[in-house]
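Q: Next up is a structure, given as structure tokens.
The values are calculated or read from the model by the stated rules, or taken from the named source; none is laboratory data. Remember, it's a predicted structure, so these values are computed and weren't measured experimentally. Note that each Cβ is placed from the backbone with ideal geometry, even for glycine, and that neighbours are counted across all protein chains shown. For the accessible areas, the whole protein counts, side chains as well, though only heavy atoms, and no ligand, DNA or RNA atoms are used. Shrake-Rupley method; radii C 1.70, N 1.55, O 1.52, S 1.80 Å.
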Amino acid sequence: MLFTNKASENQKIKIRKIESKVDDDNAELLKTEKAKYASTIVSGPDFDQMVSHFSEFTIAGGNDADRDKMQSIMTKIHKGEFGYDDVSGLKELCDNNYKLLFRVAPESERINTTFWYGIIFAVSAIILRICYEVEESNTLMVFLTIINMVAVLYTLIEWHKSIMDHVDEWLGKNPLDKAFKGKVVKKVSKKAGKVVAITVGSIVFWLIISWIFGFNALGNDVVSIVSLAMSILGPHVVTMFAQRYERDVYDNET
């Protein structure tokens, strides 16, 4: 990845085709194509910069054998003697010292328990919706309604948390008194909470109306669509409300 390019990859394919039909007639051709392969890599637009950068880390952090091999390859490159066999040597050095290029390792992969809850809720909702199509049961619809409401509530709670994190980050950039900052956070939290309450109230009202007038399946489907839209639009909605509240605080209109 560091040193190859599209031209060298194509050249490598060409060499493999020739190697699969090795005989006395194409031995010289194979030698020529291998030389072209090494030349293609060395002549890459970023090769000099990349190999110089990589050599610094290898010589500084690699073992004695890798340092000696790196210095030998660098000498060949400077003298124009870098050949086909040296490519595999460079690849070996990359395999041994690639991680030296990174000062910070990535975090270990961890799956939050919320991920599994989401999977369980989604699968349960799908199963219940399919069962309702087979047998229209108010009990099934009640469970489906509960799942939809849990999804909506979770999204709204995450909205509130994200808005407060956004506002808190902005406040932290300003030299504010701790007590004043606490009042601002409390005020903004109440305003964001009202949005959550109004949204939940509207959805509950819609579900009640759908049950009263007998289109509860449609009512739940609408809530599912709303929940999906809320998840997709979440980051944009959070930013919009957070910036609005921050502007209100800045303009002393809270």
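Q: Search region 41-76 for residues being among the polar types (S, T, N, Q) and open to solvent by 30 Å² or more (accessible area, probe 1.4 Å), and hand back the single one that is nearest to A7 (Cα to Cα).
A: Checked region 41-76; the qualifying residue nearest to A7 (Cα to Cα) is S43.
Q: Take the residues in region 24-35 that are touching a helix residue (DSSP H, G or I) at 6+ places or on another chain (Cβ under 7 Å) and surrounded by fewer than 16 Cβ atoms within 10 Å (Cβ to Cβ); name whichever of them is farthest from T4 (Cα to Cα).
A: By that ranking, first place goes to N26.
Q: When you look at M164, is it modelled with pLDDT of 90 or more, under 27 Å from Y117 (Cα atoms) and open to solvent by less than 30 Å² (accessible area, probe 1.4 Å), yes or no?
A: The answer is yes for M164.
Q: Another question about this same structure. Just one of K79, K91 is at pLDDT 80 or above, open to solvent by 70 Å² or more (accessible area, probe 1.4 Å) and within 35 Å of the chain's Cα centre (by Cα); which is it?
A: Going through K79, K91 in turn, just one is at pLDDT 80 or above, open to solvent by 70 Å² or more (accessible area, probe 1.4 Å) and within 35 Å of the chain's Cα centre (by Cα): K91.
Q: State whether the residues of region 136-150 include one that is under 17 Å from V238 (Cβ atoms), open to solvent by less than 40 Å² (accessible area, probe 1.4 Å) and either part of a helix (DSSP H, G or I) or modelled with pLDDT of 90 or more (or both).
A: The answer is no, given that none of the residues of region 136-150 is under 17 Å from V238 (Cβ atoms), open to solvent by less than 40 Å² (accessible area, probe 1.4 Å) and either part of a helix (DSSP H, G or I) or modelled with pLDDT of 90 or more (or both).
Q: Next up: Could you tell me whether V204 is in a helix (DSSP H, G or I) and within 34 Å of the chain's Cα centre (by Cα)?
A: Judged against the criteria, V204 is not a match.
Q: A follow-up question, please. Can you tell me which of V238, V200, V222 is in contact with a helix residue (DSSP H, G or I) (Cβ under 9 Å, 6 or more places away or on another chain) and under 23 Å from V184 (Cβ atoms)?
A: V238 is the lone residue from the list that is in contact with a helix residue (DSSP H, G or I) (Cβ under 9 Å, 6 or more places away or on another chain) and under 23 Å from V184 (Cβ atoms).
Q: Let me ask something else. With respect to the numbered conditions (1) surrounded by 11 or more Cβ atoms within 10 Å (Cβ to Cβ); (2) at pLDDT below 85, which one is the sole condition not fulfilled by V123?
A: (1)
Q: Output the number of residues of region 218-237 satisfying the condition of being in contact (Cβ under 8 Å) with a residue 40 or more places away in the chain and touching a Lys or Arg at 6+ places or on another chain (Cβ under 9 Å).
A: Count: 2.
Q: A further question follows. Please name all residue pairs, on different chains or six or more residues apart, with Cβ atoms under 9 Å, provided the first residue is in region 191-211 and is free of Cβ contacts under 8 Å to residues at least 12 places away in the same chain and the second residue is among the aromatic types (F, W, Y).
A: Between residues of region 191-211 that are free of Cβ contacts under 8 Å to residues at least 12 places away in the same chain and residues that are among the aromatic types (F, W, Y), the close pairs are I209/F215.
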